[in-house]
Amino acid sequence: MFCGSCRKHGVSSGGNQVSFFYGTNNFRAEFLQAHDNSEAHAKASLVEATGVSTLADAAKERLMKNRNKVILGRIENLFRSCHAIAKTGRPLKDFVWMCKLDDMKGVDVGPAFRTAKSARTFVYFIAEVERRSLKEKLEKCKFFSLISDGGTDSFLEDTKVVYVQFAYEGKVHCQVVGVQTVDKMDPVAIKSAIEKTLEINLQLNLSSKDWSKKLVGFGSNGTAVMVGENNGVASLLKEIQPCVQTVHCFAHRLELAYQEALQSIQLYNTVNDLLQNVYYFYHDSPSNKNALIATFGDLKIHPVMPSRVGSNRWLPRLQTALRVFLKGYSAIVKQLRTIPEGRNTSDHQKATELLQFLLQAEVVQFAHFLLDVINVLSILSRVNQDRNSSIGDVFATLQSTLGTLSMYKKRPGPKERLAESATHFHGNQLTGNGNISEVRNIVLTLLMKHLHDCFSDASHDVVRATTIGSFKLWPGKIDQEFGEKEISILTKHYEPVLESANVKIDEVETEWSMMKLEIYNGFQNIRKLTWDFVNSIYSIKYPNILTLVDLVLTLPASSAEAERGFSQMKLTKSQMHFKIKPESMTDLLIIQLNSPDINKFDPKKAIHLWNTSWQRSTPPPTDHMITKSDCSSSSDSLYESD
C-alpha cells in the first residue's frame, strides 16, 4: 500500500512514514493516521488543492475535490492567524496557542503546521507578496524618492528604516522597504545600509543606470551625517543622481526653529515652568484637584484641568496647556487663594509661589501672545502631518505662516488683544506694566528667521515650483500665466531625469496651458480635484505634463513616515522581548505597514507563493531512503537562526 498523492507529487518524509512513498504492508490505524496528519502529506494534498498539477483521471479529481477544499481552508486559516499576529505586533509564539484556541472554537486548522517555525515561514511569504507588489509598482513608475530615519533601538543597535515614495498616474504611494542595522554612524555606512535594504528586499541596485535615473528626492532627519553639505548621505546620493532634492524632515525643522527662537527667552521659560508646576500641583494631589473642580462649580464654569507640556507631541500639548490655563485662570487663582496656611505648609507655600507668577501682567500677556504663535504653528504642523499633503502644500502653508507672524510684529494677534494693556484679568488685579513689546519682537524675528531656513537643504526655487502639484493652491479663476514660471524651473532642473523617462520636454509647457484651460472649463470646484482622477481623463492627451506632475508628487515633504516606522519597530521589539534580526523585523514591518487590514487580507497569493516555493525546493524522488533533513523545505529554515 502507498499514498497516491505523496508519490504523485514527489513528497516524502523521514521516519516510518517514508514507507507510504515506496509502499507498506502496515495497515495499523494509528500508522495511517500519523501519515494522514503529517506535514508532508498536507503539502502533497495542498498541491492538489491549488491545482499546481492536474489529475489525469477526472473521476479521481472529483473524489479529491472536497478533501482538497478542506486542506486549502485549513491553510488559509493558518495564514490568516499569522497575518493577524504580525499585523498587531504580537510574538509569533502566540501562533501555537491560537491554533489551540481555534480548536476550542471549532475552527478547522488541521493537525499540521502548528509550530512557531511554520508561523515564521508563513510570515515570510506574506511579506514576500507585499515586497513583490512594491517592486512591480516601482518598476512601473518613472520616479521615486528615498526616505530614511533611524536611531538607537531598545537593544542599543543603530538601525535605519528605509521607505520609498513614488507617484504613478497621479496616485502617491509611500511604503516601507525594510530595516537594516548600521555598523557605525557615518555617511558611507548609512548609504551602504540603505542600498543593502533596497537590494535584499526589492533586488534594486541604486547605482545602476536604470534606477539612478529615477531617483529624484531624499527625505531624512536633520543630523549632519544625513544632510551634511560635503559629507552627508544626501551628498553621496547626489553623486549617483545630481538632481536629487534633499528635504530635512519638516516636523523636526519646525521643532528646532521653535526651540532656537524661544529657549533663551526668560519670560518664555517662566511661562513654561508655570504651566508645568500648575499641572503637577493638581495632578499629584487629589485633594487639590477636587478643590479646583469644586471651585469651577462655584464659578459656574465647565471644569478644565491643567494639562502637561513637553514630550514628543510638544506642539499640541503646549497648545492645549495654554488654552486650559487661560480658560481656567479664574478658578485656579481663586482655589490657590483659599488654601489655608495651617492645613498643609507645603501646599500653602507652593500656592503662594504660583500666585506670585499668575498675577504678573507680563506672564498673562505673554501667555496670550504665545498662544497666538502656537495656533499659527499648529496649522503648519497639521498640514505637514497630513499624509495627503504634498511638499507644495507644506511650502505654501509655510509662506502663510511667515506672513501671519510678520503681521503680528506690527499688531497683536487675536488672543493677545484680549489681554492687551490689562491691569485686571478675570477680576484679578495684576502686578507690573505688562509691556512685552520688546520680547515679542525678538521672539517673532528669531522664529521667522529659523522658519525661513526650513527648506534650505533643497533648491528654494524648485520647492516653490512644486506648488503647481496641489489643486488646493490653484487660483479660483483661470490665470493664463499661472504655473508657467514653475513649469520652466522644474523642467530645467530635472531635464536629465525627464529625458530618461521619455518625456518630450518641448511639449510640456504647451500641454500645461491646454490641460489647465480644459480643467478650468470642465470643472467648477478645482480644489476638490485629485491627480489620479485627472490622469484617468487626460493621460493619453497630455502624457508629458502629467509625468512631470508625478515627479512633483514623488518629492517628500518630510521623513515623518520613516519616523512612524521606526517607532513601530521599537514597539514591536518591546513586545517580542528578544533580539530580532533585521530580516525578521523587515517581514513584520512590511506586514504591519504595507499589507491590508486583517478583515481585508486575502491569503491566496501568499499560499500559492509558499506552495510553489516548496515544490521548487523539494528534490525529485530517488530509489534511496530520504532522510528527514533532506525533505525539509528551504522556506521552513528561513528563520531557523532567529
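The values are calculated or read from the model by the stated rules, or taken from the named source; none is laboratory data. Since the model is a prediction, treat every value here as computed from it, not as a measurement. Here Cβ is always computed from backbone atoms with ideal geometry, including for glycine, and neighbour counts include all displayed protein chains. We work out accessible area using only protein heavy atoms, side chains counted, and drop any ligands, DNA or RNA first. Shrake-Rupley method; radii C 1.70, N 1.55, O 1.52, S 1.80 Å.
Brief remarks follow.
- In order through region 506-512: 3J(HN,Hα) via Karplus (6.51 cos²θ - 1.76 cosθ + 1.60), integer Hz, x for Gly, Pro: 5, 9, 4, 5, 5, 4, 4
- Over region 185-332, relative contact order from alpha-carbon pairs under 8 Å, at least 6 apart, %: 15
- Between region 417-487 and region 364-383, the alpha-carbon centres lie 11 Å apart.
- Computed extension gain for ASP273 through LEU256, at 0.36 nm per residue and net of the alpha carbon distance, reaches 4.2 nm.
- Neighbourhood net charge (12 Å Cβ-Cβ; Lys/Arg +1, Asp/Glu -1) for MET98: +3
- On the beta carbon distance between PHE601 and ASN205, with R0 = 35 Å, the FRET formula returns roughly 0.65.
- Remark: the LEU299-SER437 segment gains 46.4 nm on full extension, using 0.36 nm per residue and subtracting the alpha carbon distance.
- Measuring only protein heavy atoms, the 1.4 Å probe finds HIS493 accessible over about 50 Å².
- Sparse-neighbour loop sites [GluC sites (Glu not before Pro); region 245-341; at most 11 other C-beta within 10 Å; DSSP]: GLU341
- For the set LYS117/LYS160; LYS117/LYS600; LYS160/LYS191; LYS238/LYS449; LYS209/LYS238, the pairs lying more than 18 angstrom apart at their alpha carbons are LYS117/LYS160; LYS117/LYS600; LYS238/LYS449.
- Counted charge near ILE505, where neighbours are those whose Cβ lies closer than 13 Å (Asp, Glu -1; Lys, Arg +1): -4
- As a fraction of the 1.4 Å probe accessible area of region 176-257, surface on carbon and sulfur atoms comes out at 48 percent.
- Relative contact order, percent, region 458-562 [alpha-carbon distance under 8 Å, six or more residues apart]: 32
- Sparse packing (at most 13 other Cβ atoms within 10 Å of the Cβ) combined with a DSSP loop state is found for the following trypsin sites (Lys or Arg not before Pro) in region 279-310: LYS300.
- Per residue, in Å², the accessible surface of region 489-593 once ligands and nucleic acids are set aside, probe 1.4 Å: 45
- Take the Cβ atoms of LYS504 and MET185, set R0 to 45 Å, and the FRET efficiency comes out at 0.55.
- Over 31 Å between alpha carbons, listed pairs LYS415/LYS516; LYS196/LYS516; LYS472/LYS570; LYS214/LYS516; LYS137/LYS604; LYS196/LYS570: LYS415/LYS516; LYS196/LYS516; LYS472/LYS570
- Label-point separation in nm, LYS100 to ARG387, each point 7 Å along Cα→Cβ: 3.7
- Solvent exposure of region 163-290, expressed per residue, is 42 Å² of accessible area, with all protein chains present and a 1.4 angstrom probe.
- Residues of region 320-395: accessible area per residue with a 1.4 Å probe, Å²: 40
- Radius 14 Å from Cβ of GLN360, net charge of other residues (Lys, Arg +1; Asp, Glu -1): -3
- Whole-percent carbon and sulfur share, accessible surface of region 443-587, 1.4 Å: 51
- Taking packing as the residue-averaged number of other Cβ atoms within 10 angstrom, the listed peptides 388-397, 231-240, 518-527 run from highest to lowest as 388-397, 231-240, 518-527.
- Only protein heavy atoms count here; on that basis, with a 1.4 Å probe, ILE71 has an accessible area of about 10 Å².
- Modelled spin-label separation between LYS171 and PHE533, with each label point placed 7 Å from Cα along the Cα-to-Cβ direction: 1.5 nm.
- Stretching the chain fully between SER400 and GLU518 yields a gain of 39.6 nm (0.36 nm per residue, less the alpha carbon separation).
- THR530 accessible area, 1.4 Å probe, all protein chains in place, Å² to nearest 10: 70
- The Cα center of region 278-328 and the Cα center of region 167-199 differ in position by 43 Å.
- Dividing the mean sequence gap of close Cα pairs (under 8 Å, 6+ apart) by how many residues region 362-486 holds gives a relative contact order of 36 percent.
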